[in-house]
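For reference, the structure is listed below as structure tokens.
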Amino acid sequence: MCGILFELLQADNSTASSVSHGLIKDVGRRGPDSLESVELVVGSLRLKFTSSVLSLRGTAVVPQPLFSKPDGAKTQDEAPEYVLCWNGEAWRFDGQEFGPDENDTRLIFDRLSSCDGKVQDVLQGIEGPFAFVFYDGPSKRVWFGRDWLGRRSLLRRKSTDGDGSVAICSIADPRTISQWEEIEADGFYYIDLQTDTSSPHLQKIAFVSDSERENTESPCMKLPIPQLCKHIPATNSTALNPKSPPIGRLYDLLYDSLRLRVQNVPLHSIPVVPGHEGRLRPSKVGILFSGGVDCTMLARIVHDILPAEEPVELLNVAFENRRVLDAAAAEAKKAKKSKKGSTQIANGVELDTNGLENVPATSYTDSVYDICPDRQTGRKSWSELRSVCPTRDWRFREINVPYEEVVTHKSAVIALLHPHDTEMDLSIGLAFYFASRPLETDSPRILLSGLGADELFGGYARHGTAFNRAGYPGLIDELELDLTRLGKRNLGRDDRIIANWGREARFPFLDERLLQEVISWPVSDKCGFGAVQSDEEWSKLDNEKQVLRLLAWKLGMKGVAGEKKRAIQFGARTAKMEATRGGKVKGTQKISVTPE
């Protein structure tokens, strides 16, 4: 993981910067191991490349930007011929895995430096998430972009003053935040410095499907995954069961994806804490852990990969939501007046209201987090993990976030979200922001996320709604929509939030090889809508993500297999934190910066 900043300016303004010091500082937060810059002049233009590095590959920190001098360069001051700022993880190149001691940034740089200008061919051979800026001296082009799915963030500042300057960065400049827009993950872009000297404009080599490639003469690249399978299952088809082939195959795909993402973490990336040995040894890997089937299955399969002595952090976040508490207190008052005991329901929170109004403040504060749905499911799934995998040190981290702390950090989260700006973005962003914030000096730098499981396997309630409304065609259309907008809606945003703490999110469900195969499966191999169920106990599992639930069942985690889907903003209680507008705030509404 790294932070990228590129500036293109007119060379006659030799000292000016087009960005603020605050932006450079924020880029540095993404990569605490190194922060360096390289400058060069091309004709009438000045190019400045800045990179920070979070080192997670190879045997030592490799500072960036990487650059090389022309053959026969006579002085140290001679301008670099190639420069690379790389933020990514290349797991394979042209189908071959990199060695455990190899640094992917250096290997990609070597290939880009010897590709004779065919930059897109090199980039298309990479399996893994990335964003980059690359200067190709011989062709005088600056290339930049994101991988085809958009798993890493990259923004561009829109030019407003006509000075021809360009700025590209992993995050937006807090000084000019409204001018920044996300670079689409629809191809790789370049600026031709031989012709675009006064007013640079972007040119693109696009990703296209096989059918589109046949109908275009423009340079383009093939999407690395096939189109979604649109086969319509037969009426009353047989439901999946724990022995169905897709169940075992999904395990193999997830195992291979996780193996790349949790093995061979270099020792230099693990903080050394004196006295922290044995049961106190630092963790290499953490999991953003709500207790749901997605993240718990990642934990369960990680157990099959890592040595038994390796601890794993389960990061579980819960918030003090004033709106929910006010509603619960109101219910408690009503219960007292009506002399009703038992359990009350307030805004979806189950709460024992007997004597709640007399509970001491400290105890009441503790209950604020205990009643968060993700805290409850997290504890249950943690218990099941310890039962099924008792040899592992499962470290369940309860991250409690008081309301006052949300208020303090809210503006920082909004800035990191940009250009995403809805109440739903804020709710999700707050959850990831505090869940990924290091708890102590030995917090793991690698965080696994279950993002992508719902989109792949039909995990949202609206997938069931689509099936009920329009059958399998409606369900397939909804899944296709989710997959095509995943990068635009989620991935860049989540990268900006999590990397702010010098930590890297890894998404095992979004591995290229897993995606290539699962996308080609018929919908009946993923979820159970419309299938004829048996009388077996496992047939009572939800239709959503049924293939994943059955895998959990097969691996001995029957409680996890039955957990209901819950969006993180509701499970952690970050949704509608303030009772503004009468509490009737929709997720699609623009963020309210200050309470009304």
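The values are calculated or read from the model by the stated rules, or taken from the named source; none is laboratory data. Small disclaimer: the values here were computed from a predicted structure and weren't measured. Cβ coordinates were reconstructed from backbone atoms using ideal geometry, including for glycine residues, and neighbour counts include every protein chain displayed.
Residues of region 48-71 that are part of a loop (DSSP other than H, G, I, E, B) and within 19 Å of TYR135 (Cα to Cα): VAL62, PRO63, GLN64, PRO65, LYS69, PRO70, ASP71. If you take the residues of region 54-64 that are under 12 Å from ARG106 (Cβ atoms) and not polar (S, T, N, Q), which of them is surrounded by the fewest Cβ atoms within 10 Å (Cβ to Cβ)? Only one residue fits best here, namely ALA60. Give region 554-595 a look and list any residue that's at pLDDT 90 or above and farther than 24 Å from ARG462 by Cα, or say none. Within region 554-595, LYS554, LEU555, GLY556, MET557, LYS558 meet the criteria. Scan region 540-552 and give yes if some residue there is touching an Asp or Glu at 6+ places or on another chain (Cβ under 6 Å), surrounded by fewer than 22 Cβ atoms within 10 Å (Cβ to Cβ) and either closer than 29 Å to PRO224 by Cα or assigned by TED's automatic domain parsing to the domain that holds LYS380 (or both), otherwise no. Scanning region 540-552, I find no residue that is touching an Asp or Glu at 6+ places or on another chain (Cβ under 6 Å), surrounded by fewer than 22 Cβ atoms within 10 Å (Cβ to Cβ) and either closer than 29 Å to PRO224 by Cα or assigned by TED's automatic domain parsing to the domain that holds LYS380 (or both), so the answer is no. Tell me, yes or no, whether region 396-403 has at least one residue that is in a helix (DSSP H, G or I), surrounded by fewer than 23 Cβ atoms within 10 Å (Cβ to Cβ) and at pLDDT below 95. Yes, region 396-403 contains a residue that is in a helix (DSSP H, G or I), surrounded by fewer than 23 Cβ atoms within 10 Å (Cβ to Cβ) and at pLDDT below 95.
So that you can scan it fast, the table gives a plain yes or no per residue for (1) part of a loop (DSSP other than H, G, I, E, B); (2) within 30 Å of VAL61 (Cβ to Cβ); (3) assigned by TED's automatic domain parsing to the domain that holds TYR460; (4) at pLDDT 65 or above:
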position	(1), (2), (3), (4)
VAL272	yes, yes, no, no
ALA299	no, yes, yes, yes
ALA335	no, no, no, yes
LEU351	no, no, no, no
GLU357	no, no, no, no
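Would you call PRO390 surrounded by fewer than 17 Cβ atoms within 10 Å (Cβ to Cβ) and either in a loop (DSSP other than H, G, I, E, B) or among the β-branched types (Val, Ile, Thr) (or both)? Yes; evaluated as a whole, the condition is true for this residue.
Annotation for region 151-158: at least one member residue is surrounded by fewer than 21 Cβ atoms within 10 Å (Cβ to Cβ) and in a loop (DSSP other than H, G, I, E, B).
So, THR343, is that one outside the structural domain of ASN316 (by TED's automatic domain parsing) and modelled with pLDDT under 95 or not? Criteria met by THR343.
Residue-by-condition table, conditions (1) modelled with pLDDT of 95 or more; (2) in contact with a Cys (Cβ under 9 Å, 6 or more places away or on another chain); (3) under 30 Å from ILE519 (Cα atoms):
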residue	(1), (2), (3)
GLY164	no, no, no
PRO174	no, no, no
GLU212	no, yes, yes
THR216	no, no, yes
PRO219	no, no, yes
PRO224	no, no, yes
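Residues that are outside any helix (DSSP H, G or I), within 25 Å of the chain's Cα centre (by Cα) and buried (at least 20 other Cβ atoms within 10 Å of the Cβ) are absent from region 108-124 altogether. Looking at region 31-40, is at least one residue under 21 Å from the mean Cα position of the chain (by Cα), part of a strand (DSSP E or B) and modelled with pLDDT of 90 or more? There is at least one residue in region 31-40 that is under 21 Å from the mean Cα position of the chain (by Cα), part of a strand (DSSP E or B) and modelled with pLDDT of 90 or more. Here GLU331 clears all of (1) farther than 24 Å from ARG503 by Cα; (2) touching a residue at least 60 places away in the same chain (Cβ under 8 Å); (3) not aliphatic (A, V, I, L, M) except the condition numbered (2).
Strands (runs of 3 or more DSSP E) fully within region 161-248 that include at least 1 residues being in contact with a Leu (Cβ under 7 Å, 6 or more places away or on another chain) and among the hydroxyl-bearing types (Ser, Thr, Tyr): 187-192. Looking only at residues of region 497-518 that are charged (D, E, K, R) and not in a strand (DSSP E or B), we find that the one that is surrounded by the most Cβ atoms within 10 Å (Cβ to Cβ) is ASP511. May I ask you to verify whether ARG445 is of a type outside the set (A, V, I, L, M, F, W, C), touching a strand residue (DSSP E or B) at 6+ places or on another chain (Cβ under 7 Å), buried (at least 18 other Cβ atoms within 10 Å of the Cβ) and under 25 Å from ALA131 (Cβ atoms)? Considered against the rule, which asks whether it is of a type outside the set (A, V, I, L, M, F, W, C), touching a strand residue (DSSP E or B) at 6+ places or on another chain (Cβ under 7 Å), buried (at least 18 other Cβ atoms within 10 Å of the Cβ) and under 25 Å from ALA131 (Cβ atoms), ARG445 comes out as yes. Determine if region 410-425 includes at least one residue that is assigned by TED's automatic domain parsing to the domain that holds LEU288, more than 22 Å from ALA172 (Cβ to Cβ) and among the β-branched types (Val, Ile, Thr). No - not one qualifying residue is present in region 410-425. Of the candidates SER218, SER170, SER209, SER178, the single residue that is over 28 Å from the mean Cα position of the chain (by Cα) and of a type in the set (Ser, Thr, Tyr) is SER218. Looking at region 456-475, is at least one residue out of contact with any helix residue (DSSP H, G or I) (no Cβ under 6 Å at 6 or more places or on another chain), assigned to a helix (DSSP H, G or I) and crowded, with 24+ Cβ neighbours inside 10 Å? No, that holds for no residue. Given the structure, is THR75 modelled with pLDDT under 90 and either assigned by TED's automatic domain parsing to the domain that holds ARG259 or not in a strand (DSSP E or B) (or both)? When the stated conditions are applied, THR75 passes them. Only a single criterion out of (1) at pLDDT below 95; (2) surrounded by 22 or more Cβ atoms within 10 Å (Cβ to Cβ); (3) of a type in the set (D, E, K, R) is not satisfied by ARG146, namely (1). From the list ASP442, ASP425, the one residue that fits, being touching a Lys or Arg at 6+ places or on another chain (Cβ under 9 Å), of a type in the set (Asp, Glu) and farther than 17 Å from ALA575 by Cβ, is ASP442.
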